[in-house]
């Protein structure tokens, strides 16, 4: 129904949204349809979805209106090279030149940035278009069929010039979403969920007709104990294609599945005032199969420890307001944590810190200060975790480059 000049809203039941979207396609609107799903308010899935239209064609999909940060998140999801290396550095450089703080406010800002990236061969316009198409289909998979909610149309004339791509026909996208829904329903009968962790059936792999290269690629896919969803993100591929690929492998008896909770059997706590270090530490240790909880605030870590039973705790020595040594004293007072291994981390490789750590009943590790020290730190850290918190199946350190899915499959 129409609520004000150029503004529309309606409510919908579960499974009704595809039909409503087809009705929307009949109007050449320019702006955002904002969909809200109350049922998802307490879940991990975002409860708000924005569908951006230009003259009735879909040009954007996401959990917030189109801006550089939202667009770049989608581009990194489906164009893996944008996450690292030269491409990332070039993007950062161009962002500075165009004054990133204004990109979200000017309709021409995104076009200028994307055109510059296209001219430098960092990101092709076709890749932008394909990323947005896959993101839209993923959002349709997520929201279209299972949830009730409310929709509001927000006119936004600038949408026509905000992105340098031609839009997608809504009816075509809805038709594709319905086809994908049929496939997802079939896959759900084969796969536990996208949160399941694939594991090789080595006996079947050895007896298969896979050549050495195919085996190595398959092993690299599962060696980090990632969920199917994490594998899809890591490979920058459509989640549906990853699900189909692994369903075929399971049907051939080459993989089995277990839940993520079964894989990450040991929990690790790390407390440090550096968000960068926490993110790097968490990515590294989680990649080895551990469950990691990281905290910038010592007080929050203490609250979490009351109801937790970590296998090992890592503490930064030098933090504002409270030192790692002070924090150890408070941890030791918590019931059940008197004997939990505690590792002190510091960039100051002083003998006094080493002795103080040992005097506190803790072990001591030096943070890497240069790139050349990182391999030694990784090896020392993995050795320490293997000793203090062994997993049922300790994954090997692997080079996290993207393996290509080049195995012959048929569905």
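Derivation of every value follows stated rules applied to the coordinates shown; laboratory data play no part. These numbers were taken from a predicted model, which means no experiment stands behind them. Note that we place each Cβ from the backbone using ideal geometry, even for glycine, and neighbour counts take in every protein chain shown.
When only alpha carbons of the stretch 2-182 are considered, Rg and Dmax amount to 16.6, 49 Å.
Highest mean packing comes first when the peptides 62-73, 41-52, 83-94 are listed by Cβ atoms within 10 Å, giving 62-73, 41-52, 83-94. Mean sequence separation of contacting Cα pairs (under 8 Å, at least six apart), scaled by the length of the stretch 267-388, corresponds to a relative contact order of 21 percent.
A simple packing score, the average count of other Cβ atoms within 10 Å per residue, orders the peptides 246-252, 148-154 as 246-252, 148-154, with the highest score first. Extension gain for the segment residue 252 to residue 193, taken as residue separation times 0.36 nm less the Cα-Cα distance, is 19.4 nm to one decimal. Projecting label points 7 angstrom from Cα along Cα→Cβ for residue 185 and residue 304 puts them 4.1 nm apart. A simple packing score, the average count of other Cβ atoms within 10 Å per residue, orders the peptides 128-136, 156-164, 304-312 as 128-136, 156-164, 304-312, with the highest score first. Obtain the radius of gyration and the Kirkwood radius of the stretch 190-262 from its C-alpha atoms and give Rg over Rh. In the stretch 190-262, Rg relative to Rh is 0.94. If R0 equals 25 Å, the separation of the Cβ atoms of residue 388 and residue 279 corresponds to a calculated FRET efficiency of about 0.65.
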